[in-house]
Amino acid sequence: MMDPREDINKPIVLITGCSEGGIGHALARAFAANKCAVVATSRSRSTMADLEHDTRFFLQELDVKSDDSVRRALDAVIAHFGRVDVLVNNAGVQCVGPLPEVPLSAIQSTYETNVFGALRMIQAVVPHMAKRKQGKIVNVGSVTAMASGPWSGAYTSSKAALHSLTDTLRLELSHFGIDVVNVVPGAIKSNIGNSAIASYDHMPEWDLFKPFEAAIRDRAYFSQKTKSTPNDEFAKHTVAAILKKKPPAWFSYGHYSTAMAIMYHLPLCVRDFILKKAMKC
């Protein structure tokens, strides 16, 4: 168990979605390597078992979709440390499938985690930061939001919404000394491909889009190809940016990040042509 007296001068970092094998887990390790006290959270402590006996981590079960879960976890953190210096909204889920046929319940669930889950955390943490006139809010978006392609519209649009909310929060929270950072990963090695397929296997049989079945399934693993950036490399560079005295408003790193930034500025007809070819649409 972490001794809060030893961490009085260390940044207290709360990260959501820290299951082993994911970006959040890599970020937790990178923050700890930078002498931060890390509150690593996940829906189940068993998914963070490798951190259990490491005194640099304070583990909490936290489901960003639950008001009660968020309140319990934050109460425990405030009781233990007295504050949160950095909130990293990393918890997220994929949702693969053609928008005209994906069940609305699946799309709603995606938004509940990726958008409302982040907002739920922000609304819980910001009052504590505002009292102290300092803090950092970090929202983990996605480069896919810069050029939305086929087969992952629910996920991509949820990340686009998070990008937009982040821009607004940066302006609103500056009055309270709170920095807001939009972290935009490229293709990063993680367990998101396996998670995407697990949820995809519960989708109904496609009707209109049955001929595209192979291309849609392949989309789940698109970010996990051989050239994907290792998550520890991504975490190292991301944490260095976040811990700066004046962190950047936007930080993007990883495979495809430059390419997608270029795609964002291309004429729509050119962008559509490229995405249709890439995603076999």
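Bear in mind that the values in this text are calculations on the coordinates, not laboratory data. Quick caveat: nothing in here was measured; it's all calculated off a predicted structure. Note that each Cβ is placed from the backbone with ideal geometry, even for glycine, and that neighbours are counted across all protein chains shown.
Tabulated results
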{"item": "Whichever residue in the stretch 35-49 is of a type in the set (Ser, Thr, Tyr) and closer than 18 Å to Gly92 by Cβ and, among such residues, is surrounded by the most Cβ atoms within 10 Å (Cβ to Cβ)", "result": "Thr41"}
{"item": "Enumeration of residues in the stretch 125-159 that are closer than 11 Å to Cys95 by Cβ and of a type in the set (A, V, I, L, M)", "result": "Ala154"}
{"item": "Residues of the stretch 168-196 classified as part of a helix (DSSP H, G or I) and either without any contact (Cβ under 8 Å) to a residue 40 or more places away in the chain or surrounded by 17 or more Cβ atoms within 10 Å (Cβ to Cβ) (or both), total", "result": "13"}
{"item": "Filter pass, Gly149 being assigned to a loop (DSSP other than H, G, I, E, B) and either over 20 Å from the mean Cα position of the chain (by Cα) or small (Gly, Ala, Ser) (or both)", "result": "yes"}
{"item": "Selected residue [of a type in the set (Ser, Thr, Tyr) and either touching a Leu at 6+ places or on another chain (Cβ under 6 Å) or surrounded by fewer than 24 Cβ atoms within 10 Å (Cβ to Cβ) (or both)] from Ser164, Ser152, Ser142", "result": "Ser164"}
{"item": "Cross-chain or 6+ apart pairs with Cβ under 7 Å, the stretch 114-142 first and farther than 10 Å from Leu87 by Cα and touching a residue at least 24 places away in the same chain (Cβ under 8 Å), then surrounded by fewer than 24 Cβ atoms within 10 Å (Cβ to Cβ) and among the acidic types (Asp, Glu)", "result": "Arg120/Asp67"}
{"item": "Residue match in the stretch 62-75 (condition: in contact (Cβ under 8 Å) with a residue 40 or more places away in the chain, on the phi > 0 side of the Ramachandran plot and either in contact with a Gly (Cβ under 7 Å, 6 or more places away or on another chain) or not hydroxyl-bearing (Ser, Thr, Tyr) (or both))", "result": "no"}
{"item": "Condition check for Ser109: closer than 20 Å to Ala261 by Cβ, among the small types (Gly, Ala, Ser) and surrounded by fewer than 21 Cβ atoms within 10 Å (Cβ to Cβ)", "result": "no"}
{"item": "Any hit, the stretch 165-173, residues being under 24 Å from Ala259 (Cβ atoms) and out of contact with any helix residue (DSSP H, G or I) (no Cβ under 7 Å at 6 or more places or on another chain)", "result": "yes"}
{"item": "Lone unmet requirement of (1) in a loop (DSSP other than H, G, I, E, B); (2) over 19 Å from Cys36 (Cα atoms); (3) not aliphatic (A, V, I, L, M) for Lys244", "result": "(2)"}
{"item": "Residue list for the stretch 203-243, restricted to those being without any contact (Cβ under 8 Å) to a residue 60 or more places away in the chain, surrounded by 12 or more Cβ atoms within 10 Å (Cβ to Cβ) and more than 19 Å from the chain's Cα centre (by Cα)", "result": "Lys225"}
{"item": "Qualifying residue in the stretch 92-104 (condition: farther than 18 Å from Val239 by Cα, surrounded by fewer than 18 Cβ atoms within 10 Å (Cβ to Cβ), of a type in the set (S, T, N, Q) and touching a residue at least 12 places away in the same chain (Cβ under 8 Å))", "result": "no"}
{"item": "Complete set of residues in the stretch 197-212 that are among the hydrophobic types (A, V, I, L, M, F, W, C) and either part of a helix (DSSP H, G or I) or closer than 29 Å to Thr229 by Cβ (or both)", "result": "Ile197, Ala198, Met203, Phe212"}
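Here's the yes/no breakdown for (1) touching a Leu at 6+ places or on another chain (Cβ under 9 Å); (2) more than 21 Å from Ala160 (Cα to Cα); (3) crowded, with 18+ Cβ neighbours inside 10 Å; (4) of a type in the set (S, T, N, Q):
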| site | (1), (2), (3), (4) |
| --- | --- |
| Ala26 | no, yes, yes, no |
| Ala33 | no, yes, no, no |
| Leu51 | yes, yes, yes, no |
| Gln60 | yes, yes, yes, yes |
| Lys65 | no, no, no, no |
| Val86 | yes, yes, yes, no |
| Asn89 | yes, no, yes, yes |
